[in-house]
């Protein structure tokens, strides 16, 4: 076989096989793209945490409703300071609910509005006992469980939000324990509330929120 014939055969094979090679390359490319799409589709969604956000939203809304009901009772007992404390806590819970709703909406989910049972409102001391019992369940059980689940499902925004809300609820409990220890006779103080996490301050001698770092000039005053 001379060089010319050999060269011609190579050229023949090249032109015959090239279309098949191109087709194979295209198929391989498309197959790879499809695999990537399937991998994206198969990424686990934080299903349980999304449900937990709805649960936390319901709880915060109910607490907002409950504390709002406590305000008139405190006013009825001519205790303006306790009425203001309950107003501050109600607003704190409203902020928690708003944050949970916003995170749900960021995932394309509209929060369902809860239906509340009627709340029996007793004396100030009775309302304090009721509130502290409910807050203890949230701070000691509910939020820690929600935080662990969010971390396990790799949903850091939810884990951080649950953490901040828990800190806010602990602060609420501390204020109500002080009120309980003084039989509801608390001092007149200014109530400043962080609009990002709902943390309550009882002094204007602060520069910002220790939990979410929001500056003091953003605080709401009750």
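Per the conditions (1) touching a residue at least 60 places away in the same chain (Cβ under 8 Å); (2) within 14 Å of residue 92 (Cα to Cα), the sole criterion not satisfied by residue 192 is (1). In the set 141, 133, 118, only one residue is at pLDDT below 95 and out of contact with any helix residue (DSSP H, G or I) (no Cβ under 9 Å at 6 or more places or on another chain); that residue is 118.
Among residues that are surrounded by fewer than 21 Cβ atoms within 10 Å (Cβ to Cβ), touching a helix residue (DSSP H, G or I) at 6+ places or on another chain (Cβ under 7 Å), under 23 Å from residue 57 (Cα atoms) and at pLDDT below 95, residue 163 is not included.
With respect to residue 132, determine if the residue is surrounded by fewer than 21 Cβ atoms within 10 Å (Cβ to Cβ) and within 29 Å of residue 78 (Cβ to Cβ). In short, yes. Taken over segment 172-194, the residue count meeting the criterion of being surrounded by fewer than 15 Cβ atoms within 10 Å (Cβ to Cβ) and part of a loop (DSSP other than H, G, I, E, B) is 6. Could you look through segment 195-208, keep only residues that are in contact (Cβ under 8 Å) with a residue 24 or more places away in the chain, touching a strand residue (DSSP E or B) at 6+ places or on another chain (Cβ under 9 Å) and in a loop (DSSP other than H, G, I, E, B), and pick out the one that is farthest from residue 174 (Cα to Cα)? Going through the qualifying residues, I end up with 195. Are any of the residues in segment 93-103 touching a residue at least 12 places away in the same chain (Cβ under 8 Å), surrounded by fewer than 21 Cβ atoms within 10 Å (Cβ to Cβ) and closer than 15 Å to residue 134 by Cβ? Checking segment 93-103: not a single residue is touching a residue at least 12 places away in the same chain (Cβ under 8 Å), surrounded by fewer than 21 Cβ atoms within 10 Å (Cβ to Cβ) and closer than 15 Å to residue 134 by Cβ. Look through 73, 45 and report the one residue that is more than 30 Å from residue 104 (Cβ to Cβ) and either at pLDDT below 95 or touching a helix residue (DSSP H, G or I) at 6+ places or on another chain (Cβ under 7 Å) (or both). Step by step, each of 73, 45 is checked, and only 73 is more than 30 Å from residue 104 (Cβ to Cβ) and either at pLDDT below 95 or touching a helix residue (DSSP H, G or I) at 6+ places or on another chain (Cβ under 7 Å) (or both).
Just one residue in the set 168, 198, 208 is over 21 Å from residue 141 (Cβ atoms), surrounded by 13 or more Cβ atoms within 10 Å (Cβ to Cβ) and in contact with a helix residue (DSSP H, G or I) (Cβ under 6 Å, 6 or more places away or on another chain); that residue is 208. Residue 112 meets all of the listed conditions (1) within 29 Å of residue 83 (Cβ to Cβ); (2) surrounded by fewer than 16 Cβ atoms within 10 Å (Cβ to Cβ); (3) touching a helix residue (DSSP H, G or I) at 6+ places or on another chain (Cβ under 7 Å) but one, namely (1).
The values are calculated or read from the model by the stated rules, or taken from the named source; none is laboratory data. Keep in mind the model is a prediction, meaning the values are calculated, not measured. Cβ coordinates were reconstructed from backbone atoms using ideal geometry, including for glycine residues, and neighbour counts include every protein chain displayed.
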